[in-house]
Structure formats: C-alpha cells, structure tokens
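**Q** My structure is below; once you've seen it, I'll send some questions.
The values are calculated or read from the model by the stated rules, or taken from the named source; none is laboratory data. Since the structure is predicted, the reported quantities are computational estimates derived from the model, not experimental observations. Neighbour counts are summed over all protein chains in view; Cβ atoms, including those assigned to glycine, are modelled from backbone coordinates with ideal geometry. For the accessible areas, the whole protein counts, side chains as well, though only heavy atoms, and no ligand, DNA or RNA atoms are used. Shrake-Rupley method; radii C 1.70, N 1.55, O 1.52, S 1.80 Å.
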Amino acid sequence: MEGKYSTDPEWASVTPIDLDDGSSSGAMPLATIAYPAEYLEATSYLRAVMAANEMSERALSLTKDVISMNPAHYTVWIYRAKILFALDKDLNEELNWLNDVSLKYLKNYQIWHHRQVLLSSKAHFPTFPPKEADFLMEMFAQDSKNYHVWTYRHWLVRHFRLWDQPRELEDVEFLLKADVRNNSAWNHRYMLRFGPRDTSLPDAGMVNAGDLSTAPTEKGRLSIVDEDLIDGELKFAQEAILRAPENRSPWWYARGVLRAAGRGLAEWEGFVSGFVSEGAVKSSHAVEWLADVFAERAGKEAEAVRMLTMLKEEFDPIRKNYWDYRIRKLDQAVA
Amino acid sequence: MLLGYLTLSGLDVLGVLQSKTTPEERQGYIDWLYHCQVPSGGFRGFPGTDFGPGKRNKDNEAWDPANVPATFFALVNLLILGDDLSRVKRRECLEWLPKVQRADGSFGELVGPEGSVGGPRDLRYCCCAAGIRYVLRGRSETGLEGVPDIDVLGFISFIEACQTYDGGMAESPFCESHSGHTYCAIGSLDFLRRTCNDLKPVPLLSAGSNQFEALITWLASRQTAQLEEPDEDEDEEQREVTDTGSIDNRVRGLPNVQPIGADTISCAGFNGRCNKYADTCYSFWNGATLMMLDQYSVVDEVRNRRYLLEKTQHLVGGFGKGPGDPPDLLHSYFGMVSLAFQGEVGLSPVDPTMGSSERTVRHLESLPWWQS
Ligand SMILES: [Zn+2]
C-alpha cells in the first residue's frame with residue numbers, strides 16, 4: 001500500500017510491523033474496530049520504532065501523528081515522554097502543543113497525565129511556570145467542573161507548594177462568583193485550606209493517610225488548628241449560603257471545616273435555627289443540619305425525628321427511604 | 001477490552017449469550033483474549049502494542065506492557081464465556097501485580113520504562129487490581145508458593161484517605177468526591193473481604209461508623225430530579241447579597257422554600273457529583289455501591305426505573321446518557337444493570353462488584369484451584 005510513511009525516504013530504512021489481531025490463527029477480535037488506512041500504517045511504523053526502542057526526531061513526530069488520530073492510545077504517550085527527555089526537547093513547546101490538544105479532547109485523561117509527567121521534571125521546571133494557571137482558567141471557561149483539570153491542578157499545588165499563592169484562591173473565588181454551586185471549586189478551596197503540606201511523602205494525600213497507627217476517626221483532622229482561619233472559612237460559607245440557601249456545597253464545606261477543626265455541628269445551631277421556624281423554612285439543608293445536631297444530643301431524639309419527618313414529607317420526597325432509614329436508626333438508639 | 005466486556009456481559013445479563021453466539025464464535029473470542037495476554041503475565045488493552053513473536057526484549061517491553069484495567073476485563077470476559085482460565089499465566093500475573101503498586105498503597109495502570117509505575121494515581125486501577133487479585137488468587141495458595149502478595153494494609157489505607165469531607169470518595173486524596181471513584185473504592189474493599197477472612201474490620205464497610213454513615217448519606221444525596229440543564233431564565237438565581245444588617249435579619253429576609261408534593265416528581269435519576277445533572281450510568285455506579293454496602297433500600301426504585309425507562313431509554317432501544325441523547329454501549333449496559341438490581345423481569349441477577357452476572361461469579365468460585 002502506498003502511504004505517507006512507505007513513500008517517505010526518511011522511513012525507508014524501517015520495516016513496519018503489521019497489526020496481528022490474532023484472526024490469522026482463528027481468533028475472533030471482540031469489538032472489531034474499523035481503523036482507517038492512515039492509522040493502520042502509522043501504527044505499523046510505531047510498533048517498529050518501539051520494538052527498536054528508537055529515540056529519534058522521526059519517532060517523535062510519528063507519535064504526534066498517532067496521537068492526533070487516537071489520543072486514547074495509552075503507550076504512545078509514555079513513549080513520547082521518554083523521547084522528549086532523551087532528546088532534551090524544549091518542553092515549553094510541548095506544553096503549547098498540549099494546550100491545543102487539551103482544548104480539542106476535553107474528556108481525555110492521558111493528556112493531563114502526560115502534562116504532569118513533564119512538569120514533574122525538576123530539571124526543566126524548578127519553579128511553577130505561571131502560564132499554567134492562565135491555561136487552566138482557559139480550560140475552566142470550557143467546563144468549570146472538568147475533573148481531570150481539577151485533579152491536575154491539585155497535583156500542581158502539592159508539587160510546587162502553591163497553597164498560599166494568592167492566584168489559587170483568587171481563581172477559586174472567581175469561579176465561585178460565577179457559579180456558587182461549582183462543587184469542584186469548593187473542593188479545591190478545602191484542599192488549599194486543609195490539605196496536608198508535608199511533602200516528605202511526595203504524594204500522600206490526607207493527613208496521616210499512610211500512617212497505620214492513626215485511628216481512622218483521627219484521619220483528616222488537623223493537629224494544629226488556626227482558629228482565625230477556621231472562623232474566616234465559616235464566614236465565607238455563610239455568605240455563600242445566603243446567596244443560594246438550597247446549594248448543598250457550602251453546607252457540606254462548613255461541615256468539613258468544623259470537622260478539620262475538631263469543632264462540632266452544634267456551633268452553628270444559632271445560625272441554622274434562623275432558617276427553620278414553624279411554617280417558614282429557608283433551606284432544607286438547615287433542617288438536615290438541625291436533625292444531625294439533635295440526633296447527637298441526649299433527650300433531643302424526638303426533635304431530630306421531627307426534622308427528618310419534615311424533610312421526608314415536605315422538602316425531599318425523593319429521599320423518603322433515606323429519611324426513614326435515619327428515623328429507624330434513631331428509634332433503635334432510643335429503644 | 002472494555003467494549004468487549006460491555007457487549008458480552010450485556011448479552012449475558014439478557015440471558016441470550018448462548019443463543020446469539022455460536023460455540024465457534026465463543027471459542028474464537030476466548031482465543032482472541034488469550035492472544036492479548038502478555039508473555040510476562042497480564043493482558044494488553046488491544047493487540048496493537050504487540051511487536052510479534054521473538055521481538056520482545058528488556059529494552060522494549062515497556063512499550064508493550066500488561067495493563068491493569070485490561071487484565072481485569074479480560075479475566076471477566078473469559079469467565080463470562082465459560083472459560084476455566086487454565087491458559088492464564090496465573091503465577092506471572094500475580095507476580096506482576098505488586099510491581100504496579102506504589103509505596104503509598106495506590107495502583108498505577110502499568111509498569112513503564114525502568115520499572116516505574118505508570119499512569120495516574122486513580123482508584124479505578126485500585127479496583128481492577130483488587131479484582132485481578134480476587135479472581136486469580138482465590139481462597140487458596142495452591143501453586144502460589146513464593147508469590148508475593150500486594151501490600152494489603154497500605155492499599156486499604158490509601159482508599160480510606162480518598163474519603164472527602166462530604167462523605168464520598170475521590171480519585172485520590174483531597175480530590176472531589178465522585179460516584180465512579182466511590183464505586184471503585186468500595187469495590188476494592190469488597191474484593192478484598194471476599195477472600196481475606198482475617199481482614200480487620202474496615203470502618204468504610206462497617207454500618208454505624210462515621211465513615212460508613214457519611215458515605216450512605218452522600219450516596220443517597222446523588223439521587224436527583226434535575227435531569228438536564230434548565231433554560232437560562234428558569235435557573236434558580238444566585239441572590240445578590242446585601243451584607244448590611246445582622247446575619248439573623250438577612251436570614252429572615254430570605255424567601256421560604258416551597259414544600260414539594262411527592263406526586264409532582266415522577267422521575268429521579270442519579271448524578272455523579274454534587275450539583276451535577278443526572279446521567280444514566282450513575283444509576284449503576286451509585287446503586288452498585290449501595291448494593292455492596294447492603295443499603296440499596298435507601299434508593300427510590302420507582303422513580304429511578306421511570307427515569308431510565310421513560311427518560312433515557314431510546315426509541316430504537318438502548319439507553320443514552322440523558323434525555324434525548326443517542327444510545328451508546330456504555331449507558332445501555334449500565335442502565336440495564338441498574339434495572340437488574342431492582343429485579344426487572346427478563347434480566348439475570350448481577351454481582352455489583354464484578355459488574356457481571358452472578359452466574360459468572362458462581363462459575364469462578366467453582367473452579368477447583370480457586371476454592372482450595
Ligand atoms: Zn454516564
């Protein structure tokens with residue numbers, strides 16, 4: 001077959017390796033994919049250079065060609081990264097190309113992992129390249145909840161120690177101003193505020209994660225609490241709740257803040273009670289909060305049941321079975 | 001490998017695998033799956049990385065690696081087809097598994113150049129790795145003398161660290177809680193407890209613990225009547241906050257939430273994250289997790305069934321992601337399995353952890369080397 005590679009003198013020395021899908025020996029491919037001829041040709045040359053473990057310019061441009069046809073090919077990215085480092089290529093140029101590919105394939109995770117592999121190189125990126133934050137905001141303009149992008153941003157924060165970089169919090173607040181229900185942005189804020197900063201274990205996550213001697217109930221709780229910071233975060237959550245009282249994100253953010261500080265839900269009893277009075281409920285999440293406060297307080301079980309019944313009968317009928325589950329647990333506790 | 005799984009398992013759950021395929025075809029598929037086995041153990045995702053006989057060596061084997069999800073789905077596919085796994089390089093595969101585990105207990109996707117662990121730090125790989133271990137290690141050590149196990153305690157510790165402040169589980173510690181990853185977290189632990197009798201109780205699996213109850217709350221909260229993006233002007237507005245006056249006064253000034261009549265909501269699907277819209281496949285990811293935790297009863301089954309059958313099922317058959325979306329293989333399979341969990345007539349019972357029929361699991365657990 002006459003193809004782009006078979007007619008190119010640069011590739012004349014390479015013998016392509018055809019795809020062996022097993023059918024010649026009687027096997028039947030599950031899910032047969034009709035690959036276009038250009039893809040079949042390019043990948044036959046890819047197998048040949050991979051088999052020779054070739055680190056060359058022509059192999060590098062071949063990987064780009066294959067990726068443009070199938071970005072989900074999982075070894076071509078690893079091979080490409082190896083060549084980039086072996087040939088000491090300009091990684092900023094690679095990042096520029098990746099920006100375009102990322103905007104084209106929004107759901108592909110290999111692209112983001114590749115980016116992470118490049119940025120991991122301390123030799124090339126001893127400090128945080130500030131253009132990264134601009135590009136991520138460009139990605140969030142397409143989809144402000146893109147999971148791969150947030151996961152990558154999380155990694156950047158840990159790798160370059162960006163917790164207190166003003167830009168991180170500014171971007172989170174910009175996104176929350178645009179959409180106060182963006183749970184990804186709320187989560188990022190939580191990580192900035194309470195994520196572990198000990199990088200001696202380079203990628204361990206939650207406080208005490210890898211420590212088997214820590215009781216599971218203690219995991220995630222801060223050992224040193226900055227009470228002013230906690231108060232500031234609780235205030236921030238309150239303001240967001242006032243903007244959209246039925247938005248679940250800030251209510252759960254506040255629960256997480258109190259837990260990290262080792263402070264209980266009862267601390268918000270006064271604030272939350274303002275949302276719930278006879279015949280006037282301002283947020284169903286406030287009703288749930290009060291139910292949880294009363295459930296923990298001896299002698300208040302009946303009040304908790306009253307709150308849960310209100311949710312079940314008036315504000316959240318879809319979760320009737322769940323509220324019944326909660327009511328049953330309280331009944332068992334009392335009995 | 002995944003497409004093959006969705007097709008084969010789909011036919012199996014419908015109970016028509018034997019009638020819609022011939023014995024020769026099934027044998028051909030089995031041979032193809034073994035064709036994807038890597039000489040050093042484990043399976044590739046597709047034959048496209050194979051250089052052919054005699055060309056594999058230490059320098060190039062990183063470019064034709066065994067892949068963790070592909071290996072798990074290859075094994076499940078073989079079991080669905082009734083194969084006894086006798087051609088699986090069981091010992092080699094189990095020796096490879098610890099090499100894909102990182103020091104923090106998590107799993108990668110493959111072994112890359114110079115023995116590095118490649119791929120993101122992601123609970124999907126953890127779940128598939130635990131599945132491989134469950135299928136190939138079984139309840140017996142016969143034939144596995146000297147084969148090192150994975151670091152089970154480190155593995156559990158990593159999974160526990162993925163629980164977020166709102167009770168769900170994230171891809172890695174401190175990322176956002178997500179139903180797909182939550183399924184993988186609980187699936188990993190469930191695979192472990194199926195074969196390890198001496199496992200210490202894990203709070204995430206223990207009813208009554210804070211971790212368990214927070215997870216149930218989070219899972220139940222995923223069921224939603226928000227099925228698609230509302231028109232711009234219908235969106236509940238974000239109030240402009242006037243931060244004058246006391247907090248109490250400002251709260252008092254908020255509008256009341258109107259009670260919702262139970263008869264006004266006919267359908268409710270599931271989302272995968274807080275404040276997202278429903279999507280067919282999340283009826284599976286959330287529902288299967290609740291099945292593993294033995295709390296499926298918190299689901300509103302009637303509204304979930306109506307959501308699937310009346311909203312995302314397509315006229316030509318199959319399910320799309322959301323209302324009006326064209327059907328695809330993935331959403332068709334997971335929509336159907338969600339109905340199977342609820343006892344829909346005509347569907348075989350499905351094992352939530354394996355994601356395939358209970359028949360498949362019985363077949364595995366009856367294999368002589370698996371039991372003792
Ligand atoms: Zn989906």
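**Q** Filter segment B:268-292 down to residues that are away from the ligand (no atom under 14 Å from the Cβ) and open to solvent by 10 Å² or more (accessible area, probe 1.4 Å) and give me whichever is farthest from A:Y325 (Cα to Cα). Give the derivation first.
**A** First, pick out the residues of segment B:268-292 that are away from the ligand (no atom under 14 Å from the Cβ): B:268, B:274-275, B:289-292.
Those still in the list that are open to solvent by 10 Å² or more (accessible area, probe 1.4 Å) too: B:275, B:291-292.
Values: B:N275: 23, B:M291: 15, B:M292: 17 Å.
Step by step, filter segment B:268-292, then rank; the result is B:N275.
**Q** If a residue must be in a helix (DSSP H, G or I) and away from the ligand (no atom under 15 Å from the Cβ), how many such residues does segment B:293-312 contain? Can you show your working first?
**A** Narrowing segment B:293-312 to residues in a helix (DSSP H, G or I): B:296-298, B:301-312.
After this cut, where a residue has to be away from the ligand (no atom under 15 Å from the Cβ) as well, the list is B:296-298, B:301-303, B:305-306, B:309-310.
Going through segment B:293-312 one residue at a time, the tally reaches 10.
**Q** Only one of (1) open to solvent by 50 Å² or more (accessible area, probe 1.4 Å); (2) touching a Phe, Trp or Tyr at 6+ places or on another chain (Cβ under 9 Å); (3) away from the ligand (no atom under 16 Å from the Cβ); (4) more than 14 Å from chain A (Cβ to nearest Cβ) fails for B:V345. Which number is that?
**A** Tallying (1) open to solvent by 50 Å² or more (accessible area, probe 1.4 Å); (2) touching a Phe, Trp or Tyr at 6+ places or on another chain (Cβ under 9 Å); (3) away from the ligand (no atom under 16 Å from the Cβ); (4) more than 14 Å from chain A (Cβ to nearest Cβ), B:V345 fails exactly one: (2).
**Q** What are the residues in segment B:171-216 that are within 8 Å of chain A (Cβ to nearest Cβ) and either aliphatic (A, V, I, L, M) or out of contact with any helix residue (DSSP H, G or I) (no Cβ under 8 Å at 6 or more places or on another chain) (or both), if any?
**A** Matches in segment B:171-216: B:I216 only.
**Q** Continuing with the same structure: Among the residues of segment B:190-208, is any acidic (D, E) and at pLDDT below 95? Walk me through it before giving the result.
**A** Going through segment B:190-208, the residues acidic (D, E) turn out to be B:190, B:198.
From what's left, at pLDDT below 95: B:198.
Yes, there is a match, as at least one residue in segment B:190-208 is acidic (D, E) and at pLDDT below 95.
Yes/no per residue for (1) open to solvent by less than 10 Å² (accessible area, probe 1.4 Å); (2) within 11 Å of chain A (Cβ to nearest Cβ); (3) over 28 Å from A:S44 (Cβ atoms):
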{"site": "B:G15", "(1), (2), (3)": "no, no, yes"}
{"site": "B:E24", "(1), (2), (3)": "no, yes, yes"}
{"site": "B:D64", "(1), (2), (3)": "yes, yes, no"}
{"site": "B:L81", "(1), (2), (3)": "no, yes, yes"}
{"site": "B:K89", "(1), (2), (3)": "no, no, no"}
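**Q** In segment B:313-342, which residue that is within 14 Å of chain A (Cβ to nearest Cβ), within 12 Å of the ligand (Cβ to nearest atom) and assigned to a loop (DSSP other than H, G, I, E, B) is nearest to B:S356 (Cα to Cα)?
**A** Within segment B:313-342, the match that is nearest to B:S356 (Cα to Cα) is B:D328.
**Q** For segment B:51-104, give me each residue that is assigned to a helix (DSSP H, G or I) and either on the phi > 0 side of the Ramachandran plot or of a type in the set (D, E, K, R) (or both). Working first, answer last.
**A** Of all residues in segment B:51-104, those assigned to a helix (DSSP H, G or I) come to B:61-63, B:68-80, B:90-100.
Within segment B:51-104, B:E61, B:R90, B:R91, B:E92, B:E95, B:K99 qualify.
**Q** Okay, moving on. State the number of residues belonging to segment A:18-51 that are more than 7 Å from every other protein chain (Cβ to nearest Cβ) and in a loop (DSSP other than H, G, I, E, B). Let's see the steps before the verdict.
**A** Going residue by residue through segment A:18-51, those that are more than 7 Å from every other protein chain (Cβ to nearest Cβ) are A:18, A:23-25, A:32-42, A:44-46, A:48-49.
Next, only the ones that are in a loop (DSSP other than H, G, I, E, B) stay: A:18, A:32-36.
Residues flagged as more than 7 Å from every other protein chain (Cβ to nearest Cβ) and in a loop (DSSP other than H, G, I, E, B) within segment A:18-51 amount to 6.
**Q** Any residue in segment B:58-76 that is of a type in the set (D, E, K, R) sitting within a Cβ distance under 8 Å of a residue that is not in a helix (DSSP H, G or I)? List the pairs, counting only those 6 or more apart or interchain.
**A** Cβ pairs passing all conditions: B:D59/A:N53; B:E61/B:S40; B:D64/B:V38; B:D64/B:R44; B:D64/B:D50; B:D64/B:F51; B:D64/B:R56.
**Q** Hey, another quick one. Of the residues that make up segment B:225-233, is at least one assigned to a loop (DSSP other than H, G, I, E, B) and at pLDDT 95 or above? Give the derivation first.
**A** Quick first cut of segment B:225-233, residues assigned to a loop (DSSP other than H, G, I, E, B) only: B:225-231.
This time we only want the ones that are at pLDDT 95 or above, so: B:225.
Checking segment B:225-233: at least one residue is assigned to a loop (DSSP other than H, G, I, E, B) and at pLDDT 95 or above.
**Q** For segment A:102-109, state whether one or more residues are closer than 30 Å to A:Y79 by Cα and open to solvent by less than 10 Å² (accessible area, probe 1.4 Å).
**A** Restricting attention to segment A:102-109, the residues satisfying the condition of being closer than 30 Å to A:Y79 by Cα are A:102-109.
Okay, now just the ones that are also open to solvent by less than 10 Å² (accessible area, probe 1.4 Å), so A:102.
Looking for residues that are closer than 30 Å to A:Y79 by Cα and open to solvent by less than 10 Å² (accessible area, probe 1.4 Å), one finds at least one in segment A:102-109, hence yes.
**Q** Of everything in segment A:252-273, what is over 25 Å from A:R181 (Cβ atoms) and within 11 Å of chain B (Cβ to nearest Cβ)? Give them in sequence order.
**A** A:G270
**Q** Still on this structure, I have one more. Mind checking which pairs have a first residue in segment B:347-365 that is in a helix (DSSP H, G or I) and a second that is at pLDDT 95 or above, Cβ under 6 Å, 6 or more apart or different chains?
**A** B:E358/B:P349; B:E358/B:D351; B:T360/B:L79; B:T360/B:I80; B:V361/B:D351; B:V361/B:M354; B:H363/B:L79; B:L364/B:L79
**Q** Does A:D65 meet the test of being away from every other protein chain (no Cβ under 14 Å), closer than 17 Å to A:L19 by Cβ and not basic (K, R)?
**A** Working: away from every other protein chain (no Cβ under 14 Å): yes; closer than 17 Å to A:L19 by Cβ: yes; not basic (K, R): yes.
Against the criterion (away from every other protein chain (no Cβ under 14 Å), closer than 17 Å to A:L19 by Cβ and not basic (K, R)), A:D65 qualifies.
**Q** Still on this structure, please answer the following. Of A:E10, A:E54, which residue is in a helix (DSSP H, G or I), without any contact (Cβ under 8 Å) to a residue 60 or more places away in the chain and among the acidic types (D, E)? Let's see the steps before the verdict.
**A** Details: A:E54 fails: in a helix (DSSP H, G or I).
Result of the check over A:E10, A:E54: A:E10.
**Q** Within segment B:91-133, can you find the residues that are away from chain A (no Cβ under 12 Å), open to solvent by 40 Å² or more (accessible area, probe 1.4 Å) and of a type in the set (K, R)?
**A** B:R91, B:K99 - these are the residues of segment B:91-133 that are away from chain A (no Cβ under 12 Å), open to solvent by 40 Å² or more (accessible area, probe 1.4 Å) and of a type in the set (K, R).
**Q** If you go through segment A:5-27, how many residues are open to solvent by 70 Å² or more (accessible area, probe 1.4 Å) and touching a helix residue (DSSP H, G or I) at 6+ places or on another chain (Cβ under 7 Å)?
**A** Of all residues in segment A:5-27, those open to solvent by 70 Å² or more (accessible area, probe 1.4 Å) come to A:7, A:9-10, A:12-13, A:15, A:18, A:24-25.
Filter once more, so that each one left must be touching a helix residue (DSSP H, G or I) at 6+ places or on another chain (Cβ under 7 Å): A:10, A:15, A:18.
Adding up the residues that qualify gives 3.
**Q** Of the conditions (1) in contact with a Gly (Cβ under 9 Å, 6 or more places away or on another chain); (2) buried (at least 18 other Cβ atoms within 10 Å of the Cβ), A:E38 satisfies every one except a single condition; which number is it?
**A** Here A:E38 meets the rest and fails (2).
**Q** Among the candidates A:W150, A:W97, which residue alone is modelled with pLDDT of 95 or more and either of a type in the set (V, I, T) or surrounded by 20 or more Cβ atoms within 10 Å (Cβ to Cβ) (or both)? Walk me through it before giving the result.
**A** On the way: A:W97 fails: either of a type in the set (V, I, T) or surrounded by 20 or more Cβ atoms within 10 Å (Cβ to Cβ) (or both).
It is A:W150.
**Q** Could you check B:D325 against (1) within 26 Å of A:K329 (Cα to Cα); (2) surrounded by fewer than 22 Cβ atoms within 10 Å (Cβ to Cβ); (3) not hydrophobic (A, V, I, L, M, F, W, C) and say which number it fails?
**A** (1)
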